[in-house]
Amino acid sequence: MAIEDLARASDDLERIEVQLLLEAIYQHYGFDFRGYALGSLKRRLWRRAIGEKVETLSALQDRVLHDPTVMERLLLDLSINVTAMFRDPTFFQAFRERVVPALRTYPFVRIWNAGCSTGEETYSLAIVLKEEGLYERTRIYATDINDRVLERAREGRFPLEKMREFTDNYIRAGGQESFSTYYTAHGDTATFSPELRSQVVFAQHNLVSDAPFNEFNVIVCRNVMIYFGKTLQDRVHELFYDSLDSLGILALGHKESIRFTRYEDRYEPLDVQEKLYRKMY
Amino acid sequence: MPFEMIVIGASWGGLRALEAVLGSVPRHFETPIVIAQHRATQSATGALPHTLAHHSGHDVCEPGDKDPIEAGRVYVAPADYHLLVDPEGFALSTEGAVRFSRPSIDVLFDSAADVYAERLAAVILTGANDDGAYGITRVRRRGGLTVAQDPAGAERPEMPLAAIATGAVQHVLPLEEIGPFLVKTVGSERTAA
C-alpha cells in the first residue's frame, strides 16, 4: 500500500465521513462497526479506499453501498489480523498446565474460539488438546464475523515459509512431538491434518450483534476485542459471561484485561500473566 | 496550546539513544512520552521498559489495551503489536507489519497526530530503515512539533535521514541536545498556556 496516500485525510470532514460510512454499512448490510476503536478502524477503511482507487471515504461509501463485492473486500480488510500458530508460547504452556487439568474433569468439553480469523489459534488449540489426550471429547467452536476468512481457516493451509516460526513457537510452548507430523508440504503450502479440524466447527458469528449460542467450558478470545471501543468491549464481556458455564475459563490476550469492565468481580484470576480468568458465579 | 504528548520512534541503536534522551528529561516530567522501538517479535514482555526504567529513573511501562494515558509516565509499545493512540486511551492492533515493522513508528505517529494535532511533539532517532518518515509528515501536517536526531552522530543514519528528506522535520539536533530541547520547548509551552 502506498501509505503516503493516507495523508489525503482531511481531519474534521473525515470524522463525519467515517460516521456516515459506518452508519450506511450498518443500515444496508447489518454489520455494526460503530463501536470499534477509531485508530485502527480508520487505517483499514483507508486501505480499502486506496485499494478501490477512490480519494475519499464518502466515495468509498458510494462503492460499498452499490457494489456488494466492495463490501466483501472491506470486510476482509476489517477482519484479517496477522498472527502465528502458538503466538505467545507461554500462553499455550499455561493452557496445558492450568486449563487442561480442569478440563479433564469433564466428560465432554466445549471451547469457543471467538474471532478465530484464519485459524492459526484454532489449530494450535487442537494440537495441544490432542497431545493432552482430550481432543476426542472436545468440540471447538471457532467463529468469526467473516465467512471468507472462515473458508480459509477450514482449509488449514498456511505458507510453508511460516513453518519455522510456528515450529519454534510450538517448541517454546512445550510441544513434545515433531511439529512437521501435523502438516504435509506441497509446493509453498503447508496443509494441516484434517484430523485437527474433525472436532472443530467453523461458523459465522458476530460478537457485536449475535446472541449466545451455547454454554462453554472455555472461551478463548485473544487480541480480538482490542479493535473494539470500551462500550462495545463491555457488551462482549456480557456475552462471554452469559456463555460460560460456572467455573468456565476466559482467555484474553497478553495486553487485555477484565479490569475496569463490569464483569471484573465475577471472575477470579487463574493466571494473571497469561490473562486466564475463571468465572466464579 | 500545551503539548499533550511526545512520541519517539527508534530502531537500530535505539536503546542507547533512548537512554540518552530519557536520561536528560527530569523524572515525573508531566507530558507523557510514548515510544515505538523496533524489536524482535519474541522479546520478553517487560524487558525493554525495565531496562529503560533502570537507566533513566523514569516510570516506564508497556500499556495494555484501552489503558488511560497518564501524565508523568513513559510508555513503550509492546513487542509484536502496533500501538495506537485513540481518543479513549491506548489501543493495540495485530494488523500486519507496516514497512516490515510491528510495532510501527508510522502507525503510532499517525494515530497520535490524529488525536493531538498541534499538541503533539514527535522525535525520530537512530535506525536503519525509513519507518517514521510518513508518520512525521502526518505530525507536521497536523501542526505538531517535529525533531530528528542528527544523522551524523546517529548509530544508524538511515531513519533520521529518511525523515529529514520528507521536509517535515523542523529541528535536527545532536542526541545529547534532544532531551533538553524537549524539556525547554514542550515544558515552557505548558507553563505559557
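Only the coordinates and a few stated rules stand behind these numbers; no lab work does. Remember, predicted model here, so these are calculated numbers, not experimental data. Backbone-built Cβ (ideal geometry, glycine too); neighbour counts: all protein chains shown.
Points to keep in mind about this one:
- Each 5 Å bin, from zero up to the one with the longest distance, holds this percent of the alpha carbon pairs of chain A: 1, 5, 12, 16, 17, 15, 13, 10, 7, 3, 1, 0.
- Its convex hull of Cα atoms gives chain B a direction-averaged projected area, equal to a quarter of the hull surface, of 9.1 nm².
- Region B:130-183 versus region A:198-242: alpha-carbon centroid distance in Å: 42
- At q = 0.13, 0.22 Å⁻¹, base-10 log of I(q)/I(0) for region A:1-104 (Debye sum, equal scatterers on each alpha carbon): -0.56, -1.14
- Neighbourhood charge, 12 Å Cβ-Cβ cut-off, centred on residue A:152 and excluding it, Lys, Arg +1 and Asp, Glu -1: -2
- Using the Karplus relation 6.51 cos²θ - 1.76 cosθ + 1.60 with θ = phi - 60°, the per-residue 3J(HN,Hα) values for region A:64-70 come to 5, 6, 9, 9, x, 5, 5 Hz, with x marking Gly and Pro.
- Ranked for footprinting exposure by Cβ neighbours inside 10 Å, fewest first, A:82, B:34, B:7 give A:82, B:34, B:7.
- Ellipticity at 222 nm from helices only: DSSP H runs of n ≥ 4 in chain B, each -39500 (n - 2.57), divided by the residue count, give -10500 deg cm²/dmol.
- Cβ-based net charge around residue B:150, under 13 Å, with every Lys or Arg adding one and every Asp or Glu removing one: -2
- Neighbour-count ranking [beta-carbon atoms within 10 angstrom, fewest first] of B:59, A:144, A:77, B:114: B:59, A:77, B:114, A:144
- Whole-number D in µm² s⁻¹ for region B:33-145, Kirkwood Cα-pair radius fed into Stokes-Einstein, 20 °C, 1.002 mPa s: 151
- Built amide H within the under 5 Å cut-off of residue A:228, gap 5+: A:37
- Of the residues A:225, B:159, the one with the fewest other Cβ atoms within 10 Å heads the list, and the complete ranking is A:225, B:159.
- Rounded to the nearest whole Hz, the Karplus-based 3J(HN,Hα) values (6.51 cos²θ - 1.76 cosθ + 1.60, θ = phi - 60°) of region A:143-160 follow the sequence 10, 8, 5, 10, 4, 5, 5, 5, 4, 5, 4, 4, 5, x, 10, 10, x, 4, with x at glycine and proline.
- Between region B:57-112 and region A:75-93, the Cα center-to-center distance that results, in Å: 18
- Proportion of all alpha-carbon pairs of the protein assembly as shown beyond 29 Å (%): 51
- Pairs from the table (A:255/B:184; A:42/B:66; A:42/A:162) lying more than 22 angstrom apart at Cα are A:255/B:184; A:42/A:162.
- Annotation for region A:254-281 versus region A:135-175: alpha-carbon center distance of 25 Å.
- Considering only alpha-carbon pairs that sit under 8 angstrom and 6 or more positions apart, the relative contact order computed for chain A is 17 percent.
- Per DSSP, loop trypsin sites (Lys or Arg not before Pro) in region A:55-132 with at most 15 further Cβ within 10 Å: A:104
- Reduced Cα scattering model of region A:172-253, Debye log10 I(q)/I(0), q = 0.13 Å⁻¹: -0.63
- Distant alpha-carbon pairs in region A:123-281 (separation over 26 angstrom), percent: 33
- Residues with amide H under 5 Å from that of residue B:145, placed H, sequence gap 5 or more: B:120, B:121, B:122
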